[in-house]
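No lab work stands behind these numbers, since they all come straight from the coordinates. Since the model is a prediction, treat every value here as computed from it, not as a measurement. Every residue, glycine among them, receives a Cβ derived from its backbone with ideal geometry; neighbour counts consider all protein chains shown.
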Amino acid sequence: MTVPSPDESGLPDAARQWLGHLERNRRYSMHTLSAYQRDLQQLIRLADGKPLEQLVNGNIRHFLARLHGQGHGPRSLARMLAAWRGFYKWWAPLSGMTANPAADVRAPKASRALPKALSVDQTKALLDAPAMLAQNDPVSIRDRAIFELFYSSGLRLSELVSVDIEYTKTKEHTSLSWITLPDHEVHVLGKGGKRRSVPIGAQAIAAINQWLAVRSQLVSAHTLGADQSALFIGTRGRRISPRVIQLQLNKLSTLAGMPTSVHPHVLRHSFASHVLQSAQDLRAVQEMLGHANISTTQLYTKLDFQHLAKAYDSAHPRAGRKS
């Protein structure tokens, strides 16, 4: 994301500088930066001409109350507050403000929905769908490698798109993420600039090797710079876009007879749930997912409990419930 000019964004220089800092130094994703930009624009509208450096704790509380009254949900308000708090944490010391006006303000508490995950059988039916395995064109082989890597290593969509064939550092491009096939590992730069290495399973390795054998068939005159290093490229020879992956996975889920469409994040959730069911190691799953807080990973223990509860209800002789 290139930070917009003042005329384009309606943001003061301080806000634009903060977004630039997050982009350059913290390597925040374009999606996150766009959301933060909208949140700061909302703050400016609520301030109604009052300079941001003159806002105090009471103003922030009042703004949240107004937005809540207008129908904004707890999650939306929490994200907005996080953006405001982060901006002031960076800017307050630079501007001479005595305190961060958003520091001790809390958004309305939201209930945390359980992440959606496929069962082991559903995942196998998806990845082994005859409709996909029967196709041997480069795009189908590429898609198999993408979906296997998602489920094998629990990557985020943005992380998978950024993966290179190997670590590359040139004037034009420095790898953010890459694979080392001999070590069966993928190295990714996740949220907040946090780097991690995750194992790649044997089936994913096999699928990636099959893709690398035909990848050159999609290389074109447009395959330049960073695209030359990309593990996954599209039909025009450029690094594959997140939207293409979403569409291809949705298409596959329909062909495989899934009850609902499958989003890439569902494969990440399925990876976490299935590893936790087998290994019962919450810390290991936290590391592999790249979660900053273990409380986020703990949501999967609820999924695991649901799995165990269903098994108990169906298997225990005295678990029957009266209808």
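Going from the fewest other Cβ atoms within 10 Å to the most, the residues Met97, Met80 appear in the order Met97, Met80. Counted by Cβ distance under 15 Å from Gln228, the other residues give a net charge of +2, where Lys and Arg count +1 and Asp and Glu count -1. Using the Karplus relation 6.51 cos²θ - 1.76 cosθ + 1.60 with θ = phi - 60°, the per-residue 3J(HN,Hα) values for segment 250-255 come to 5, 4, 5, 4, 5, 5 Hz, with x marking Gly and Pro. A Cβ-based charge dipole, computed about the Cα centre of segment 6-95 with Lys and Arg at +1 and Asp and Glu at -1, lands at about 400 debye. When Ile165, Ile208 are arranged by Cβ crowding within 10 Å, least crowded first, meaning fewest neighbours, the order is Ile165, Ile208.
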